[in-house]
Each structure stands twice: as structure tokens, then as C-alpha cells.
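Participant: Please read through the structure below; I'll follow up with questions.
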Amino acid sequence: MVFKNNFDRIERLPPYVFAEVNSMKAKERSLGEDIIDFGMGNPDTPTPQHIVDKLCETIKDPKSHRYSVSKGIIGLRRAQSNYYKRRFNVGVDPETEVIVTLGSKEGLANLASAITSNGDQVIVPNPSYPIHPYGFIIAGASVQAIDSTPDENFIKNLQNILSSSKNKAKVLVLNYPNNPTTAMASLDFFREVVNICKKFGVYILSDIAYAEIYYDEIIPPSILEVPKAIDIAVEFSSLSKTYSMPGWRVGFAVGNKKLIEALTKIKSYLDYGAFTPVQVAAIAALNGSQDCVEDIRSVYLKRRNILVGGFSRVGWNMDLPKATMFVWAALPQQFLNIGSLEFSKLLLKHGKVAVAPGIGFGNNGEGYVRIGLVENEYRIRQAIKNIKVFFDKYESNL
């Protein structure tokens, strides 16, 4: 028997750039090397105790062990609706404008499958988190890249793309605060984008997974704060970073009823929702004291300051991010010619420090690496020492 091994959707995906670094990391660790890992955005701080306690309390009830509902229990959808009112002063209907997802990544990917097909065009900032373009590529759509910096050039480029005679754009993806670049968008920027997309009949999918990880007085807004934005926009968020709950897989899509209905329908075929005790604990996170959010934010702030200050002191200059749990750092001058992937491999091999190569986030990410603030202060200080030794050895061998 001859099998047909042409899997079209899989073949549309390029080799996973991060796999090379991950493979090297595993090999080094197998040899007993201590790798300081800034490569993945995987929070290392514990989930706040009151959230864990609510999970433990709920899980003791055998009735909570049954199937849940794919759109999420009503109490959790109400809690998210209350969060939007409290945080953004935006009212959303928990019945028709909110759905619980298995993390923001799953929600965006499933909505991509629900609303796009072969021939559709999607505009995605570059660089970007991989699910933003590839969720749509897997669904069969084509991707039009646009530089991710939220400025006047973005507005002009968006206008040009949508006014082109070849325009087939159906969706624009936004992500601010941005992963990986850490850039923040203003409400005025969102307002201009909404006006343009309304004019050309383009939906907006906005990812605000890092809306609560910010360090300055400027607080990240929601695109739904723009009047009538809900007519064309859905926003994805997650509890992963805000409450240090990455493994719990609780996220949300909030906004346009038609898009929420499409996501609800496709999810009804694919899953029964998150485990009910996890959802009940998520209610405790959203409705309980928010002091833990400030505590988590403070941890990242301290790490940010130590890392950026220390790395800059040993010769790797980088800017302080205003938001997210990442630093988006240009390659040190002496390594610009080798590119982000080769630099990441050298740093891992000789400095015992892992970072994410910028090329993995799109062509416009070349020349940068993403550094996750996911190691404690002691480990960050050790990384600073390792990098200084690595730089000194590299310079001496030139």
C-alpha cells in the first residue's frame, strides 16, 4: 500500500527556527551544563496562593470533574466582563461578547480557522509572535506583512495596502504591548486603525496578553475603548502572564458578536472547555484582590532593571522596555554580521545563556534577540558574568 504523505497544511509551515536553539539547549544540559534560559516566555513565579486554594477547594467536588462547556462557564465570562468594565470602562455582554479560550493562542488559531479560507488575505505585523501569522497560514489564508511599529508609517502602510486594487484583506492582527518588540500602542493609534478598517470592511483581532505587565505611568489601552470598535474587533487576552498561570491555559476572546459566535461554533466541535475547577479558580483570580498583579509586575520590573543595566555595563547596550516580560535587544555590534540565529547559538554554547533569535519572529526580527525575564535575580547576575566572559574571549580571538 502506498500512503499519500503530502500534508498540505504542514508543508506550508517553515522549519521552526527556535527548534535549533532548543535542541542545542537540551544537548548542553545533557552534558551537565547549567544553561540560564531566557529563551521562552514561561513565567517562573508561582501562581498566587488564593487562586491555587480555590482550585483545590473546587476539585474536591466530584461534580466538577464532568465535562464543562466549550464557551466557558457563565461565572467566568461574567468575571471577564467585569474586568473590562473595571480596567477599560468598556461594557461587554458575557453571553454574546465573551468566550473563554484555552489560552489566547488557541482562541486566535481557532478563530482564524473559523473565518478565513483559501484566497483570503490577512495583514500581520512583522516581527510578531508566530501564531499571529501561522494561525492563518494553517487555515489557508495568505499573509501580508506590515512593520509592527505603531506609528504614522504603520497608518500610511495600512492605508496603502487596503487601497490597493489587489486588496483582498479580510483581517488585521494587532498585538500591543507587542511580543517580541515590547512596543506599546496609544488609544489614538487604535482609533486611526479602527477608522481605516471600518472604511475597508476589515476585521481586527487584537492580542493584549501583556496588557497588565507594564512599568511606567502609561497604561496599555484596549482597542475596544475606541467607540464602535466592537463593530469590527475582537480582543484576545490571557491569565498566563497577569497571574502567573501559564500552564492553566485560561484565556478569553471579547468583542464583536459575529466573530464570537463563529469562534463559539467552531469550538463546540473541537473541545468541551477548560476543566471546571480551573475556570472557578480563574474567577477567583479576576474577582479577588489584585495586589498579586502588582506583585508580579514588580518582580519583572526589578529583573528588567538588573538585566538591562548589567548587560549594558558589559558591552551589550539595550533599551528598557516599557511593557511585557521581555527585552528586545539589538545584537551587539561585533555580532551583527552573523545574524540572530548564529549569535544565539554562540551565546548558548560559549556563554551558557539561551535567548530567542529575532529571525524566528519574522524577517524584520533579524538583528535582534528576545530575552525573557524568566530567571530570578541571582541567575540574571550570573548571566551578566557569563556574557562578559564570552565577550572578552570573543574579542581576544578576533
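The values are calculated or read from the model by the stated rules, or taken from the named source; none is laboratory data. Keep in mind that this is a model prediction, so the values were computed, not measured. Quick reminder, even Gly has a Cβ in these numbers, built from the backbone with ideal geometry, and neighbours come from all protein chains shown.
Participant: Which residue, of ILE371, ILE387, is in a helix (DSSP H, G or I) and of a type outside the set (Ser, Thr, Tyr)?
Facilitator: Numbers: ILE371 fails: in a helix (DSSP H, G or I).
Of ILE371, ILE387, the one residue that is in a helix (DSSP H, G or I) and of a type outside the set (Ser, Thr, Tyr) is ILE387.
Participant: Among the residues of the range 153-169, which ones are touching a helix residue (DSSP H, G or I) at 6+ places or on another chain (Cβ under 8 Å) and either part of a helix (DSSP H, G or I) or surrounded by fewer than 19 Cβ atoms within 10 Å (Cβ to Cβ) (or both)?
Facilitator: Answer for the range 153-169, where residues must be touching a helix residue (DSSP H, G or I) at 6+ places or on another chain (Cβ under 8 Å) and either part of a helix (DSSP H, G or I) or surrounded by fewer than 19 Cβ atoms within 10 Å (Cβ to Cβ) (or both): PHE154, ILE155, LEU158, GLN159, LEU162, SER163, ASN167.
Participant: Determine which member of the set GLY288, GLY251 is over 23 Å from LEU224 (Cα atoms) and either touching a residue at least 40 places away in the same chain (Cβ under 8 Å) or in the same structural domain as THR58 (by TED's automatic domain parsing) (or both).
Facilitator: Only one candidate passes the filter, namely GLY288.
Participant: Additional query: Output the number of residues of the range 77-105 satisfying the condition of being surrounded by 19 or more Cβ atoms within 10 Å (Cβ to Cβ) and not hydrophobic (A, V, I, L, M, F, W, C).
Facilitator: The total comes to 11.
Participant: Something else: Would you say SER104 is within 30 Å of ILE380 (Cβ to Cβ) and in the same structural domain as VAL299 (by TED's automatic domain parsing)?
Facilitator: When the stated conditions are applied, SER104 does not pass them.
Participant: Would you check if there is a residue in the range 345-355 being closer than 26 Å to ILE219 by Cα, surrounded by fewer than 23 Cβ atoms within 10 Å (Cβ to Cβ) and in contact with an Asp or Glu (Cβ under 9 Å, 6 or more places away or on another chain)?
Facilitator: no
Participant: Still on this structure, please answer the following. Applying the selection to the range 294-344, what residues are among the acidic types (Asp, Glu) and crowded, with 16+ Cβ neighbours inside 10 Å?
Facilitator: Those that are among the acidic types (Asp, Glu) and crowded, with 16+ Cβ neighbours inside 10 Å: none in the range 294-344.
Participant: Here's something else I'd like to know. Checking PRO321 against (1) free of Cβ contacts under 8 Å to residues at least 60 places away in the same chain; (2) assigned to a loop (DSSP other than H, G, I, E, B), only one condition comes out false. Which one?
Facilitator: Of everything listed in (1) free of Cβ contacts under 8 Å to residues at least 60 places away in the same chain; (2) assigned to a loop (DSSP other than H, G, I, E, B), PRO321 misses just condition (1).
Participant: All but one of (1) modelled with pLDDT under 90; (2) crowded, with 16+ Cβ neighbours inside 10 Å; (3) among the aromatic types (Phe, Trp, Tyr) hold for PHE3, so report the exception by its number.
Facilitator: Looking at each condition in turn, PHE3 falls short on (2).
Participant: Step by step: first the residues of the range 48-59, then only those that are out of contact with any Pro (no Cβ under 9 Å at 6 or more places or on another chain) and crowded, with 19+ Cβ neighbours inside 10 Å, then the one that is farthest from LEU307 (Cα to Cα). Which residue is that?
Facilitator: This residue is ILE51.
Participant: If you don't mind, another one. Which condition breaks for SER268 when tested against (1) more than 21 Å from the chain's Cα centre (by Cα); (2) crowded, with 17+ Cβ neighbours inside 10 Å; (3) of a type outside the set (A, V, I, L, M, F, W, C)?
Facilitator: (2)
Participant: Which condition number in (1) within 20 Å of ARG381 (Cβ to Cβ); (2) within 18 Å of the chain's Cα centre (by Cα) is the one that VAL293 fails?
Facilitator: For VAL293, the exception is condition (1).
Participant: Which condition breaks for LYS257 when tested against (1) under 19 Å from ALA79 (Cα atoms); (2) buried (at least 24 other Cβ atoms within 10 Å of the Cβ); (3) charged (D, E, K, R); (4) touching a residue at least 60 places away in the same chain (Cβ under 8 Å)?
Facilitator: Result: LYS257 passes all but (2).
Participant: Are any of the residues in the range 181-193 surrounded by 24 or more Cβ atoms within 10 Å (Cβ to Cβ), without any contact (Cβ under 8 Å) to a residue 40 or more places away in the chain, in contact with a Ser or Thr (Cβ under 6 Å, 6 or more places away or on another chain) and not assigned by TED's automatic domain parsing to the domain that holds LEU301?
Facilitator: no
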